[in-house]
Amino acid sequence: MTPGVDPTAYAPQSVPPPGETLKETLEVLGIPQADLARRTGLSTKHINQVIQGTAALSPDTALLLERATGVPAGLWNAREAAWRTQLAREEEEKALAEQVDWLDNFPLRELVSRNVLPDASKSVQNLRRLLDFFAVATPDVAQNLRLGYQAAFRRSTVLSRNEYATATWLRLAERQARERDCEPYDRAGLTALLPRLRALTLQEQGTWSTELPLLCARVGVAVVYVPALTKTNISGATRWLTSEKVMVALSDRFKKDDQFWFTFFHELAHVVLHGKRLTFMDDNDNLSPTKSHEDSSEDEANDFAAEVLIPAQYAAAYRKLAATRYLSLAAIENFARTIGIAPGIVVGRLQHDKVLPWTHGNNLKRTVQLG
């Protein structure tokens with residue numbers, strides 16, 4: 001690729017039609033069109049149509065021209081292909097110019113900040129870049145593909161609420177995850193890794209943000225952090241990229257460690273417990289341990305996350321803590337230290353269980369900032 005050249009920006013090429021090259025070649029060789037027709041066995045009309053560009057220069061014709069002119073067939077084929085490609089690009093340019101309104105659906109300025117687009121202009125060049133970003137041919141294909149994928153999303157209400165911004169966030173996550181090197185998926189290995197992952201909640205973000213993806217990559221889980229986009233309600237997503245590699249994408253929508261870690265283990269539950277053909281998109285409704293869901297997989301994921309964070313062996317101690325009449329922050333910190341987990345996570349659990357008001361204990365939570 002030439003440095004400084006944008007491969008997605010279309011600029012008309014100066015590729016001459018193969019007929020023009022054939023006409024010049026005949027003039028140099030001093031061969032009239034009628035004589036070329038006799039040498040090749042083609043009609044004079046067909047030779048003239050090739051020269052005028054109204055007939056394609058086929059591979060069979062290229063071989064005949066090679067014998068009659070000495071110019072290799074490969075050159076004639078290359079000229080024909082370059083010419084037809086140029087014509088196709090010009091037609092595509094016209095078609096895309098009528099579809100630039102599709103860009104109105106997307107958070108263009110945020111795509112600029114994520115280095116997907118160079119600017120927020122409503123242009124054919126940006127439309128082409130966005131199609132390349134989603135790896136689709138046209139906006140119509142993208143729409144049909146989205147509808148086809150919808151059946152694989154277990155949280156389709158999220159998509160229907162903010163479908164374009166959500167699709168953009170998911171694509172950002174998927175592209176990042178596909179670039180991450182991972183060992184083949186190992187369910188037993190992931191299960192064995194859970195205590196070590198849980199212990200990371202005690203670490204500062206500068207440590208866990210590096211360790212978490214590295215540890216998970218060893219068992220086939222590509223963990224990626226994708227800051228939330230405006231108008232998306234997504235906390236996390238799980239999607240199998242191959243039968244041996246699964247993406248777990250996490251956003252910073254809630255900005256606090258209790259929500260972040262609950263989301264993470266909720267997504268791991270989808271990996272461990274649920275089907276490889278499904279994509280799970282999770283928002284605040286899914287991540288409520290106190291709410292029953294129509295989709296049992298969400299309740300299962302919530303139970304899994306709650307159990308990992310505060311295991312059953314500490315259930316009695318937690319109930320005792322929750323029953324404390326005058327619950328102090330010091331008591332919460334002491335309990336968290338005893339069970340080896342970040343105190344903000346205990347605060348979040350107590351708030352969900354309505355033991356603490358949402359306004360209390362938040363200073364024990366740590367801020368999560370991705371990107």
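Residues that are over 25 Å from ARG129 (Cβ atoms) and of a type in the set (D, E, K, R) are absent from region 229-242. Residue pairs whose Cβ atoms lie under 6 Å apart, sitting 6 or more positions apart in sequence or on different chains, and linking a residue in region 177-190 that is in contact (Cβ under 8 Å) with a residue 24 or more places away in the chain to a partner that is part of a helix (DSSP H, G or I), are CYS182/ALA217.
The condition of being loosely packed, with under 13 Cβ neighbours inside 10 Å and at pLDDT 95 or above holds for only one of THR338, THR367, that being THR338. Are any of the residues in region 117-128 under 21 Å from VAL226 (Cβ atoms) and hydroxyl-bearing (Ser, Thr, Tyr)? Among the residues of region 117-128, not one is under 21 Å from VAL226 (Cβ atoms) and hydroxyl-bearing (Ser, Thr, Tyr), which makes the answer no.
Taking each residue of region 254-280 that is in the same structural domain as PRO227 (by TED's automatic domain parsing) and on the phi > 0 side of the Ramachandran plot and looking for partners that are outside any loop (DSSP other than H, G, I, E, B) and modelled with pLDDT under 95 with beta-carbon atoms closer than 8 Å, six or more apart or interchain, yields LYS255/THR367. Of the residues making up region 12-65, those that are assigned to a loop (DSSP other than H, G, I, E, B) and charged (D, E, K, R) number 0. Only residues that are surrounded by 13 or more Cβ atoms within 10 Å (Cβ to Cβ), in a helix (DSSP H, G or I) and among the hydrophobic types (A, V, I, L, M, F, W, C) were counted across region 303-323, and they come to 8. In region 48-69, of all residues being without any contact (Cβ under 8 Å) to a residue 24 or more places away in the chain and within 14 Å of THR25 (Cβ to Cβ), the one that is surrounded by the most Cβ atoms within 10 Å (Cβ to Cβ) corresponds to THR61. Would you say ARG171 is at pLDDT 90 or above, within 15 Å of THR242 (Cα to Cα) and not acidic (Asp, Glu)? For ARG171, the condition - at pLDDT 90 or above, within 15 Å of THR242 (Cα to Cα) and not acidic (Asp, Glu) - is not met. Annotation: of all residues in region 102-120 being touching a residue at least 12 places away in the same chain (Cβ under 8 Å) and not in a loop (DSSP other than H, G, I, E, B), the one that is farthest from PRO139 (Cα to Cα) is GLU110. Across region 202-212, not a single residue is classified as of a type in the set (Val, Ile, Thr), in the same structural domain as ASP282 (by TED's automatic domain parsing) and in contact with a Phe, Trp or Tyr (Cβ under 6 Å, 6 or more places away or on another chain).
Scanning region 193-206 for residues that are under 27 Å from the mean Cα position of the chain (by Cα) and over 17 Å from PRO343 (Cβ atoms), we see that the one that is surrounded by the fewest Cβ atoms within 10 Å (Cβ to Cβ) is GLY206. For region 210-249, residues that are in contact (Cβ under 8 Å) with a residue 60 or more places away in the chain, closer than 11 Å to GLN369 by Cα and not β-branched (Val, Ile, Thr) total 2. Just one of ARG79, ARG89, ARG39 is surrounded by 13 or more Cβ atoms within 10 Å (Cβ to Cβ), of a type outside the set (Val, Ile, Thr) and under 30 Å from ASP140 (Cα atoms); which is it? Just a single option satisfies the conditions, and that option is ARG89. Residues that are at pLDDT 95 or above, touching an Asp or Glu at 6+ places or on another chain (Cβ under 8 Å), in a helix (DSSP H, G or I) and crowded, with 16+ Cβ neighbours inside 10 Å are absent from region 146-164.
The values are calculated or read from the model by the stated rules, or taken from the named source; none is laboratory data. Worth saying up front: this structure is predicted, and the values here are computed from it rather than measured. A quick note on method: Cβ atoms are made from the backbone with ideal geometry, for glycine too, and the neighbour counts reach across all protein chains shown.
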